[in-house]
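To keep things clear, I will list the structure first and then write my remarks on it.
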């Protein structure tokens, strides 16, 4: 693949060469910062560590720093290419540690193949690190190196080529055997390969319950038998007494094949001789021992895994090592022991059985990933890995007595893990928890689409909302069946089949709109449209809120809601608010969808609507009215408009934390704001809510932050309606729909004086 190779070279060369960098974690912009960071301030922590060596974890990065160490003797499938040639791999490993588990890494390439000298070197540099990941070191030296370092150092050490592959394949084997209806103690296993990974995998399988007498292992010289005289201490454990001489003979009647050797050495005919429901882990890279397509062609009942990302069931070490080290570091484990490895195995296996988040489906362009032959281990991009595996490993470390810093509050620890990767969406967690306390009836006006139905399943199963599906009943039921969705108990309403209700709704709509150009005939006709019918369900109390807009533009969707339900008062405006989830917390943007160029009075109303909405999320709004001007520095029409709106808000609503007109950089930079405008209401706490001078600026801002700033956008949240209606953006993802439903439920709860009152049934 010459083109791909060039692309890879360009990728590594572009900009700053390599894949990693060191970034300061403390302020450094002033002379005082530098004096604290280095001389003379740095002396203070040095002296404290001298008095108490454990304080190194308190005052330095050691506790979150792992060394990825190699001598380049077994790099990928490239062999002994030396330490310098191994550096791109080690940098890549560092990148994976960081992006998946927020662990900092120094890659260390050691020009030393002698075991004694290698161990001596690693020991000498070990005070720097909280853990050591050995990588790409050939067997059998890797076994001795790891053994000695684990015995001589009191920090987590793991040779990932051995144990990472073993842990992932162990989890995959547990689940594959469950699907096949087989017990591990009964199955016959063939292992092709006898290197570090193969030895470790097989050792772990025995720890999980596999019988030595049921295992046949092969190396480059053939079947490892007791009558061979060239076996080292690692291979001899797996030597068989059975009269088996070839791979073909070993495969007859075998239940499991594990390949950690080279590509294309297994034939379809070999699979045909295996037992029923065979399990094949062909993990050679880049070419597996047998091609995925060939395996399925040979055996329709095969459960297949490879090391490749383009086929189901990828045995990828990234599922394990970042999270294993995360858990070990967080409890200051003195080692990574068997109990911790087994805990990781069982945690990974169990996670594959849990419902898959929609974000994972989206990442892999799948509609509904679920536990089965094509999904026996979690996907590498599953965000749940960190807060599933790491706590399991940490608990095992504590229980096995190797943890120096035990965790007591596991809920807080899980939140901390999510926060490390920006996954701690506190706002979403808060509103989800609130929604679950009293789920409301949400009518989905576009229920004849897969995304809506999937979202309805999620909010129903999680207890967030009680969905009502609106649309063509036959089509909806067909989609449910096609995608195997669990929506059997959910109400489906086809407006065209509800003659009595349609008539009643048309009468009510006619009464509302008869002086707005609508006849009774037109009212009956228009009420057949789902957005009108759904809005009327909310208006008449048969639903608590409506969700729509997935397949229609914003204007077409909001118009029925305004006509049927209307605004809070005759003079009220509606506005659209986006919630931008940033690494520093949520920021609320308004107006982003409706008011093109609001007047001073309209800006005041939009600000008040937004403030009320922010309070619903248990957040005190701190509002900045944005401009290109700062507190009177410009007298253009736009700047004056924002200034006057602030004056009204200060006069009429003195308890509201609001100020402006203000530039965005001053709003978010407290130091800058304090230095230049210390009088501002925002000087002490900055902003969390932004009001824009017009629709152009608001819409552009949220889309730029979403796209370039990598913030998650939730919205638009429709403000100012008399009853809850929320309009999706055209083409919203399932995740976005679920978020909007959650907000709709909380919105509906806020409209009811007593949220403890149970909602009426759909048919009431």
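The values are calculated or read from the model by the stated rules, or taken from the named source; none is laboratory data. Keep in mind the model is a prediction, meaning the values are calculated, not measured. So basically every Cβ, Gly included, is an ideal-geometry build from the backbone, and we count neighbours across all protein chains shown.
Before moving on, here are some points about what is shown:
- Scope the stretch 22-43; condition loosely packed, with under 11 Cβ neighbours inside 10 Å and more than 22 Å from residue 98 (Cα to Cα); matching residues: 29, 30, 31, 32, 39, 40, 43
- Residues of the stretch 211-234 satisfying the condition of being under 18 Å from residue 259 (Cβ atoms) and in a loop (DSSP other than H, G, I, E, B): 220, 221, 224
- Being within 39 Å of the chain's Cα centre (by Cα), buried (at least 18 other Cβ atoms within 10 Å of the Cβ) and farther than 18 Å from residue 259 by Cβ is true of residue 174.
- Output for the stretch 640-670, where each listed residue is within 13 Å of residue 603 (Cβ to Cβ) and surrounded by 18 or more Cβ atoms within 10 Å (Cβ to Cβ): 641, 642, 643, 645, 646, 649, 658, 660, 661
- If you go through the stretch 113-154 and keep only what is outside any helix (DSSP H, G or I) and surrounded by fewer than 23 Cβ atoms within 10 Å (Cβ to Cβ), you end up with 113, 114, 138, 139, 140, 153, 154.
- When residues of the stretch 613-639 are limited to those that are in a helix (DSSP H, G or I) and in contact (Cβ under 8 Å) with a residue 24 or more places away in the chain, the one surrounded by the fewest Cβ atoms within 10 Å (Cβ to Cβ): 638
- Residue in the stretch 537-561 that is nearest to residue 492 (Cα to Cα), counting only those that are assigned to a helix (DSSP H, G or I) and at pLDDT 90 or above: 537
- Matching helices (runs of 4 or more DSSP H) fully within the stretch 235-334 where at least 2 residues are under 29 Å from the mean Cα position of the chain (by Cα): 321-330
- Test: residue in the stretch 178-193 that is within 28 Å of residue 322 (Cβ to Cβ), out of contact with any strand residue (DSSP E or B) (no Cβ under 9 Å at 6 or more places or on another chain) and crowded, with 24+ Cβ neighbours inside 10 Å: no
- Any chance residue 68 is surrounded by 13 or more Cβ atoms within 10 Å (Cβ to Cβ) and in contact with a strand residue (DSSP E or B) (Cβ under 8 Å, 6 or more places away or on another chain): yes
- Within the stretch 16-80, helices (runs of 4 or more DSSP H) holding 2 or more residues that are at pLDDT 90 or above and touching a helix residue (DSSP H, G or I) at 6+ places or on another chain (Cβ under 6 Å): 43-51, 56-59
- Residue satisfying all of: in the stretch 551-580; crowded, with 23+ Cβ neighbours inside 10 Å and within 29 Å of the chain's Cα centre (by Cα); nearest to residue 613 (Cα to Cα) among these: 577
- Of all residues making up the stretch 694-724, the number that are under 23 Å from the mean Cα position of the chain (by Cα) and surrounded by 18 or more Cβ atoms within 10 Å (Cβ to Cβ): 7
- Only one entry in 345, 315, 256, 280 is farther than 26 Å from residue 75 by Cα, in contact (Cβ under 8 Å) with a residue 24 or more places away in the chain and crowded, with 24+ Cβ neighbours inside 10 Å, namely 256.
- Criterion violated by residue 399 - all others in (1) surrounded by fewer than 20 Cβ atoms within 10 Å (Cβ to Cβ); (2) closer than 26 Å to residue 89 by Cα; (3) modelled with pLDDT of 95 or more satisfied: (2)
- Breaking point among (1) more than 36 Å from the chain's Cα centre (by Cα); (2) under 25 Å from residue 21 (Cβ atoms), for residue 106: (1)
- Residue that is more than 30 Å from residue 552 (Cβ to Cβ), assigned to a helix (DSSP H, G or I), in the same structural domain as residue 633 (by TED's automatic domain parsing) and at pLDDT 85 or above, where the choices are 666, 679: 666
- When the stretch 155-168 is filtered for residues that are in a helix (DSSP H, G or I) and touching a strand residue (DSSP E or B) at 6+ places or on another chain (Cβ under 6 Å), only 160 remains.
- Failed condition for residue 542, given (1) in contact (Cβ under 8 Å) with a residue 40 or more places away in the chain; (2) crowded, with 24+ Cβ neighbours inside 10 Å: (2)
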